[in-house]
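Q: Please find one structure pasted underneath; my questions will follow.
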Amino acid sequence: MKITQQLQKKLRQPIVVVLGHVDHGKTTLLDKIRGTAVVKKEPGEMTQEVGASFVPTSVIEKLAEPLKKIFPIKLEIPGLLFIDTPGHELFSNLRKRGGSVADIAILVVDITEGFQKQTIESIEILKNRKVPFLVAANKIDKIPGWRVQNTYSFLESFSKQREDVKNYLDGLVYNLVSQLAEQGFSSERFDRIKDFTKTVAIVPVSGKTGEGIAELLALLAGLTQNYMKNKLKFAEGPAKGVILEVKEIQGLGHTIDVIIYEGVLKKNDIIVLGGINGPIITKVRSILVPKPLQDIKVVKTDLTPIDEVYAAAGVKIYAPDLENALAGSPLFAVDDESKIEEFKKIIQEEISSVRYYNASV
Ligand code: GDP
C-alpha cells in the first residue's frame, strides 16, 4: 500500500489477542473470524500477514449491517489485526515498555462451564499489562434447547429462541457477571451496557456456528476506535515492533516474525533487537509477507518480498546475524545512528524482564 493511501487512513488497526482456559474455544473462534473474513472480503482487499490475520473494516461493516441501530458507529480504523496464536504463552512475548503490544483482548469463556483456572490467570495477566478486554461467552449452541440460526448476529438469533432458552442463557451470563465481580470487574451483557468505560462487555457467541461474531467484531472495532484514538493515531517514523518467533528457513537462513505496532519499516533499514548474547544491530535484507489471494487457512509459507510495511502488521524479516535473536524482544528501526546506544540500553532492560517472564511461565 502506498504511503499517501495509508496516511489518509490516519488510524492504525488495533491489535487483538485471544486468551482463556484450554478447550473453551479460542482456536475455533479465531478460525471462525478468519474464515468469515475470507468469505466476506472484497477481492484483493485483505493484506497478508505473518503471525496475525487482518480483518478489514468493510467485512466488519458488512457483518454489522443488521446492527446499525445498536452500533451507529462510522468506522475510521482500517480493520482489526488478530494475533494468530491464542493463549498466555505468546501473549507473554507481546510486551512493550509499560504494557502490551495488544490493544484489546478477547477473553474466551465456555458459557456452560464458566470461569476456570486459566480464565482467572488470563485476567491477572491482562490486569498486569493494562489491556482492556471483552468476554466472549462461547458455545451458546450447546445451551439446551438452543436452535442454531443462520446468522452472525447474536441478537437476531436470540430473538428467535424460546423464552425458557433465553432465560437460561441469561442465567449463565449472570454467572459470568458474578465471577467477573469476584475479580473486581463490573460487567453486563453488551446490549444492556450504558457506559463501556466502566463495564466489561459480555458477548454471547458460538465459535462453531458463528452466531455472535457480528457483535463481537463490531464491539472490538467500536470500543478501540472510541476509547483509544490517541493510541491508534498512525505514527510516521521508524518502526517499533516485537519479535514473535525466530525461525530458520532452509535456503535463506534465520528469520524473525515480528509484529510492527508503530511506524514504518523499510527494506535496508538498520534495526536493533535483542539477542541471547546481547543486542544485535543488523540491516533488513527483506521484508516478507504471504503471497496475496491465498485462502487464509492455507499454511502461510509461500512468501513474497515487499519494500515497506506500516503498523500494525505481522511480517517476516530476513537479515544477517539473526541466529541468536530472542523471541519476545523489542525491535527498533533506526533512522539516526546516534540513537543506537539508547535503543541498545532499552533492549537490554527489556530482555532481562523477558527472560524472567519466560522462566516463570
Ligand atoms: P482452545 O483450547 O481454547 O483453543 O479450544 P478449541 O478451539 O480447541 O476448542 C475445544 C473444543 O471445543 C473443540 O472440540 C471444539 O470443536 C469445541 N468448540 C469450540 N467452540 C465451540 C462452540 O462454540 N460450540 C461447540 N459446540 N463446540 C465448540
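Q: Specify the residue with the greatest mean-square fluctuation among Gly114, Gly253, Gly79, computed from a Gaussian network of the chain linking alpha-carbon atoms under 10 Å apart.
A: Top of the fluctuation ranking is Gly253.
Q: What number do you get for the range 149-308 when its Cα radius of gyration is normalised by 2.2 N^0.38 Å, N = residues?
A: 1.47
Q: Post the alpha-carbon centroid distance, the range 169-200 to the range 118-152, in whole angstrom.
A: 11 Å
Q: Compute the Cα gyration tensor for the range 53-173, then decide on rounded, prolate or oblate, letting a ≥ b ≥ c be the square roots of its eigenvalues: rounded whenever a/c is under 1.5, prolate when a/b is larger than b/c in the other cases, and oblate in all that remain.
A: oblate
Q: Above 19 Å lies some portion of the pair distances; for the range 61-128, what is it as a whole percent of all C-alpha pairs?
A: Looking at the range 61-128, the distances longer than 19 Å represent 52 percent of pairs.
Q: Another one. Return the single residue from Val59, Val135, Val22 with maximal mean-square fluctuation; model: Gaussian network over the chain, springs between Cα atoms under 10 Å.
A: Among Val59, Val135, Val22, the largest GNM mean-square fluctuation belongs to Val22.
Q: Can you work out D for the range 207-263 in µm² s⁻¹ from Stokes-Einstein, where Rh is the Kirkwood radius over C-alpha pairs, the temperature is 20 °C and the viscosity is 1.002 mPa s?
A: Estimated diffusion coefficient is 145 µm²/s.
Q: With a/c under 1.5 counting as rounded, go ahead and sort the range 91-143 into rounded, prolate or oblate using the C-alpha gyration tensor (a ≥ b ≥ c being the square roots of the eigenvalues; past the cut-off, prolate if a/b is larger than b/c, else oblate).
A: prolate
Q: Another question, then. Computed from the mean reciprocal separation of all distinct C-alpha pairs, what Kirkwood hydrodynamic radius does the chain have, in Å?
A: Here the Kirkwood hydrodynamic radius works out to 21.0 Å.
Q: Nearest 500 deg cm²/dmol is fine: what mean residue ellipticity at 222 nm does the chain get from its DSSP H runs of n ≥ 4 alone, each adding -39,500 (n - 2.57), divided by its residue count?
A: For the chain, the value works out to -9500 deg cm²/dmol.
Q: Taking square-rooted eigenvalues a ≥ b ≥ c of the alpha carbon gyration tensor, is the range 220-320 rounded, prolate or oblate, where a/c under 1.5 means rounded and, failing that, a/b exceeding b/c means prolate?
A: oblate
Q: Here is a further query. By the scheme Lys and Arg +1, Asp and Glu -1, what is the net charge of all other residues having a beta-carbon under 12 Å from that of Lys166?
A: +1
Q: Between Lys74, Lys267, Lys96, where does the largest GNM mean-square fluctuation fall for the chain, given springs only between Cα atoms within less than 10 Å?
A: Largest GNM mean-square fluctuation: Lys74.
Q: Quick check for me: using +1 on Lys/Arg Cβ and -1 on Asp/Glu Cβ, what's the dipole size of the range 83-148 about its Cα centre, in debye to the nearest 20?
A: Magnitude of the dipole: close to 260 debye.
Q: Tally the DSSP beta bridges in the chain and give the antiparallel ones as a percent, rounded to 5.
A: Within the chain, antiparallel bridges account for around 70 percent of the total.
Q: Report the Stokes-Einstein translational diffusion coefficient (µm² s⁻¹, integer) for the range 149-225, Rh taken as the Kirkwood radius over Cα pairs, at 25 °C with viscosity 0.890 mPa s.
A: It comes out at roughly 186 µm²/s.
Q: Over the alpha-carbon set of the range 15-110, work out the extent along each principal axis and list the three values in angstrom, largest first.
A: Computed over the range 15-110, the largest-to-smallest principal extents equal 35, 30, 26 Å.
Bear in mind that the values in this text are calculations on the coordinates, not laboratory data. Quick caveat, the model's predicted, so the values are computed rather than measured. Please note: Cβ atoms are built from the backbone with ideal geometry, for glycine as well, and neighbour counts cover all protein chains shown.
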